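Single-structure report; data block below.
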Amino acid sequence: MMPFLYVFIGGGLGSVARYSIARWMSTHEFVFPWATLLANVLACIILGVLTAYASKYYLPDNYRLLFMVGFCGGFSTFSTFSSETFKLLSSGQTAYAFANISLSLLLCLFSIYLGMRLVR
């Protein structure tokens, strides 16, 4: 039961962090989904740091569940990325849609790498 509680708490905190970014950025009207991209990039940096730390030092399972599975899982959002990309495609904004796909993939992969490099 306790592992689920750690994931639950971390996921809730990550979701609140993602929602806060979306609210903060909602004061501007963007065609491009910057808030989702920012949340995903930050989640990847955090996950990269935690992954490298866990491989170099001991990280208890409850912290892995709380931060890596829960927080990063709740903070990042593939479903919102997919929905926003679909909306861009549906509204004829193909260039923005493919920019979102490309930037998300490249920046998130680089962010995992960057996070890991910060620990090493």
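Mind pulling the angle between the C-alpha long axis of helix 94-119 and the longest principal axis of the chain? Nearest 10 degrees, somewhere in 0 to 90.
20 degrees
Relative contact order of the chain, please, whole-number percent, based on alpha carbon pairs below 8 angstrom and at least 6 residues apart. Intermediate values should be presented prior to the final figure.
On the way: 146 pairs, mean separation 52.5, N = 120.
Reported as a whole number, the value is 44 percent.
With labels modelled as points extended 7 Å from the Cα through the Cβ direction, what inter-label distance (nm, one decimal) is found for S83 paired with S55?
Output for this residue pair reads 3.3 nm.
How big is the dipole moment of region 2-119 about its Cα centre under a simple scheme where the beta carbon of each Lys and Arg is +1, that of each Asp and Glu is -1, and everything else is neutral? Debye, nearest 20, please.
Computed charge dipole of region 2-119: roughly 160 debye.
What area, in nm² and to one decimal, does the C-alpha convex hull of region 2-119 cast on average over all directions?
Over every viewing direction, the Cα hull of region 2-119 projects on average to 7.4 nm².
Computed from the coordinates by the stated procedures, all read-outs in this text should not be read as laboratory data. Given the structure is predicted, the values throughout are model-derived calculations rather than measurements. Heads up, the Cβs are rebuilt from the backbone with ideal geometry, glycines too, and the neighbour counts pull from every protein chain shown.
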